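> My questions will all concern the structure given below.
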Amino acid sequence: MEAVMQDFPLTLHHIVWRMETLFARKTIVTKREHGLHRYTYADLAARARRLAAALTRLGVQRGDRVATLAWNNYRHVELYYAVPCMGAVLHTLNLRLSPEQLAFIANDAGDSVIVVDESLLPLLEKFRAEVRTLRHVIVMNDDDYERRLAAESDGFVWPELDERAPMAMCYTSGTTGHPKGVVYSHRSTFLHSMSMQLASTLAINESDVLLPIVPMFHANAWGLPYAAAMAGASIILPDRWMGDAEAMIQLAIDEKATWIGAVPTIWVSILARLNGRKLHVREAMSGGSAVPRALFESLDRNGIHLVHAWGMTETSPLATYCHPRSWHDGDLLAVRVTQGPPVPGVELRICDLDSGAALPWDGVAFGEIQVRGPWVCAGYHNGADPTRMTSDGWFRTGDVASVTPDGYVTIVDRAKDVIKSGGEWVSSVELENAIMAHPKVLEAAVIGLAHPMWQERPVGFVVPRPEFRGELTAEEILAHLSAHFMKWWIPDEIRFIDEVPKTSVGKFDKKALRARAEPLGA
């Protein structure tokens, strides 16, 4: 017996069809230096066709890599559709990396075209000559970019594509070793976009107005531009003002954002500048790193319902999403501070850090998260780091977590950051969250430093709130921790710093912290 269903290709062509046919009037708003740029999905689709025609005229063929070095704006979104829908591969370059790293990534990807925001031309010039495969540069401005589109018609016909064909690639942030390329397929992006519309995940729908305060080079802005267009939701793009909390608050208020996504450091900045103003969002999401309970509580008091999610570039990125279940009662915040259960389509297990054996979901044991699913990578571009795949087909994430019997994941650490002291594991994330719960603390990071007897011991690096600088003491922090942890978990030292270094995507950069940390007892 055979099934009788159509073998309909899961490609981005269908999302463009929905934009043009069902949601032509819905809007995309981009912040500019003065005012806003505003147009519709119908405009986006027509300009994406013109752009595809312009790239074809340049000689871009199926499978060619077209890179972007750009902020979050409408022209960048046009590339999000034009490049994959014509059969080429979109490659978003991380504009916060060094020129040396960018040259490595562009060569590793084999970029033939780079489309660059005019304001980022000085950065491109620092590595452009090192990119051996580069044939053309297009500048995103009213001259070069717009002149090319004006020369084309919007009648470009999309070619037929295999749903498993590559459509985009993103590189990991390279906190350990060289960045590694993750190549998404049309099928994986289509399914990932559908998953973000489920009631058990983000529940993106046509009535939403999304404000993703996440770079478009970071896992395709968490996949939000694709999910928004598929659902017909309007979208707000912050261009280069993502780090300006005041601008983001005003943009959210003026454009009536219903959903906002950002990393914890952005939420801390927004919270500090709200000053009684209300963001009328139905939901806010945080990803990238664990959110301390204290931040949840502060946002709740300001009417912002924060939801935890977990994922990574290699998972497209959505892998878990945290909504309490119908049987949860009592302290619901204790549920919300977890990263939640795997989303439909993703399977997950945790394995012992030493033996690799699968561990029970008892909420106590913790091990490395391993995942599999239709939008989880099966390896890296050019065969980089083959050790990340297990022999039975699971991706080793490098994140360490415990899982409750209900499947709720709590991130404990990165495998490279978990501290082994005297043969026992210590979670730097749990210590950081506890330190940041202290009312006088703004930020905190914990790393392990070498110890002659215990192998490693935790050391806390603390940024006091501005009004408590010079007043907060190490003794206060240690006393605060002593009420929550066993003695051998308590850091050997508390060191006060001006700022915790951040990675290119806003996470705490513990690699940089270790590199400049004085030894214990120095």
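> Return the total of residues in region 319-373 being under 23 Å from the mean Cα position of the chain (by Cα), part of a strand (DSSP E or B) and either under 18 Å from P405 (Cβ atoms) or not assigned by TED's automatic domain parsing to the domain that holds T387 (or both).
Result for region 319-373: 9.
> Among the listed residues A247, A227, identify the single one that is small (G, A, S), surrounded by fewer than 20 Cβ atoms within 10 Å (Cβ to Cβ) and touching a residue at least 12 places away in the same chain (Cβ under 8 Å).
Values: A227 fails: surrounded by fewer than 20 Cβ atoms within 10 Å (Cβ to Cβ).
Among A247, A227, only A247 is small (G, A, S), surrounded by fewer than 20 Cβ atoms within 10 Å (Cβ to Cβ) and touching a residue at least 12 places away in the same chain (Cβ under 8 Å).
> Test each condition in (1) under 22 Å from Y184 (Cα atoms); (2) in contact with a Ser or Thr (Cβ under 6 Å, 6 or more places away or on another chain); (3) surrounded by fewer than 23 Cβ atoms within 10 Å (Cβ to Cβ) for T68 and report the one that comes out false.
Evaluating T68 over (1) under 22 Å from Y184 (Cα atoms); (2) in contact with a Ser or Thr (Cβ under 6 Å, 6 or more places away or on another chain); (3) surrounded by fewer than 23 Cβ atoms within 10 Å (Cβ to Cβ) leaves (3) as the failure.
> Can you say whether L306 is crowded, with 17+ Cβ neighbours inside 10 Å, closer than 30 Å to A257 by Cβ and in contact with a Lys or Arg (Cβ under 9 Å, 6 or more places away or on another chain), as far as the supplied structure shows?
Yes; evaluated as a whole, the condition is true for this residue.
To keep it simple, each residue is scored yes or no on (1) touching a Phe, Trp or Tyr at 6+ places or on another chain (Cβ under 6 Å); (2) not in a loop (DSSP other than H, G, I, E, B).
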{"position": "L102", "(1), (2)": "yes, yes"}
{"position": "S119", "(1), (2)": "no, yes"}
{"position": "L134", "(1), (2)": "no, no"}
{"position": "E146", "(1), (2)": "no, yes"}
{"position": "F156", "(1), (2)": "no, no"}
{"position": "C170", "(1), (2)": "no, yes"}
{"position": "S173", "(1), (2)": "no, no"}
{"position": "V182", "(1), (2)": "no, yes"}
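To keep it simple, each residue is scored yes or no on (1) without any contact (Cβ under 8 Å) to a residue 12 or more places away in the chain; (2) part of a helix (DSSP H, G or I); (3) over 20 Å from L449 (Cβ atoms).
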residue: G470; (1), (2), (3): yes, no, yes
residue: L481; (1), (2), (3): no, yes, no
residue: F485; (1), (2), (3): no, no, no
residue: P491; (1), (2), (3): no, no, no
residue: R495; (1), (2), (3): no, no, no
residue: K511; (1), (2), (3): no, yes, no
residue: R514; (1), (2), (3): no, yes, no
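> Let me ask another. Looking only at region 75-90, decide whether some residue is over 21 Å from the mean Cα position of the chain (by Cα) and surrounded by fewer than 20 Cβ atoms within 10 Å (Cβ to Cβ).
no
> Can you run down the residue pairs with Cβ atoms below 7 Å, 6 or more apart or on separate chains, where the first is in region 312-332 and surrounded by fewer than 15 Cβ atoms within 10 Å (Cβ to Cβ) and the partner is outside any loop (DSSP other than H, G, I, E, B)?
Taking only residues 6 or more apart or on different chains, the pairs are H328/V335.
> Okay, next question. Give the residues of region 14-49 that are out of contact with any Leu (no Cβ under 7 Å at 6 or more places or on another chain), in contact (Cβ under 8 Å) with a residue 24 or more places away in the chain and part of a helix (DSSP H, G or I), sorted by residue number.
Those that are out of contact with any Leu (no Cβ under 7 Å at 6 or more places or on another chain), in contact (Cβ under 8 Å) with a residue 24 or more places away in the chain and part of a helix (DSSP H, G or I): H14, I15, V16, R18, E20, Y41, L44, A45, A46, A48, R49.
> Would you please name the residue that is farthest from G521 (Cα to Cα), looking only at residues in region 414-457 that are surrounded by fewer than 23 Cβ atoms within 10 Å (Cβ to Cβ), of a type in the set (A, V, I, L, M) and at pLDDT below 90?
A415
> Does N107 satisfy the condition of being in contact with a strand residue (DSSP E or B) (Cβ under 8 Å, 6 or more places away or on another chain) and of a type in the set (S, T, N, Q)?
Taking the combined requirement at face value, the residue does not satisfy it.
For (1) more than 18 Å from the chain's Cα centre (by Cα); (2) at pLDDT 95 or above; (3) small (G, A, S); (4) more than 30 Å from N275 (Cβ to Cβ), each residue gets a yes or a no:
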{"residue": "A199", "(1), (2), (3), (4)": "yes, yes, yes, yes"}
{"residue": "I204", "(1), (2), (3), (4)": "no, yes, no, no"}
{"residue": "S207", "(1), (2), (3), (4)": "yes, yes, yes, no"}
{"residue": "P225", "(1), (2), (3), (4)": "no, yes, no, yes"}
{"residue": "A231", "(1), (2), (3), (4)": "yes, yes, yes, yes"}
{"residue": "I235", "(1), (2), (3), (4)": "no, yes, no, no"}
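> Could you please let me know if T133 is of a type in the set (S, T, N, Q), touching a strand residue (DSSP E or B) at 6+ places or on another chain (Cβ under 7 Å) and either modelled with pLDDT under 95 or within 25 Å of G223 (Cα to Cα) (or both)?
Taking the combined requirement at face value, the residue does not satisfy it.
> Another question, if that's okay. For region 348-365, enumerate the residues that are of a type in the set (D, E, K, R) and surrounded by 12 or more Cβ atoms within 10 Å (Cβ to Cβ).
Scanning region 348-365 gives R349, D352.
Let's see how each residue does on (1) among the charged types (D, E, K, R); (2) surrounded by 23 or more Cβ atoms within 10 Å (Cβ to Cβ); (3) more than 22 Å from H305 (Cα to Cα):
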residue: G155; (1), (2), (3): no, no, yes
residue: H186; (1), (2), (3): no, yes, yes
residue: L191; (1), (2), (3): no, no, yes
residue: M216; (1), (2), (3): no, yes, yes
residue: P238; (1), (2), (3): no, yes, no
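> A further question on this structure: Looking at region 121-132 only, could you name the residues that are surrounded by 13 or more Cβ atoms within 10 Å (Cβ to Cβ) and assigned to a helix (DSSP H, G or I)?
Residues satisfying the conditions are L121, L123, L124, R128, E130.
> What tally of residues in region 385-408 results from selecting those that are in a loop (DSSP other than H, G, I, E, B), surrounded by fewer than 17 Cβ atoms within 10 Å (Cβ to Cβ) and not acidic (D, E)?
6
> Considering each residue of region 333-348, count those that are touching a residue at least 60 places away in the same chain (Cβ under 8 Å) and under 16 Å from M196 (Cα atoms), and give that number.
Summing the residues that are touching a residue at least 60 places away in the same chain (Cβ under 8 Å) and under 16 Å from M196 (Cα atoms) in region 333-348 gives 7.
> Please go through region 497-509 and pick out each residue that is at pLDDT below 95, in contact with a strand residue (DSSP E or B) (Cβ under 8 Å, 6 or more places away or on another chain), part of a loop (DSSP other than H, G, I, E, B) and surrounded by 14 or more Cβ atoms within 10 Å (Cβ to Cβ).
V500, P501, D509
The values are calculated or read from the model by the stated rules, or taken from the named source; none is laboratory data. Just so it is clear, the model here is predicted, and its values are computed rather than measured. Note that we place each Cβ from the backbone using ideal geometry, even for glycine, and neighbour counts take in every protein chain shown.
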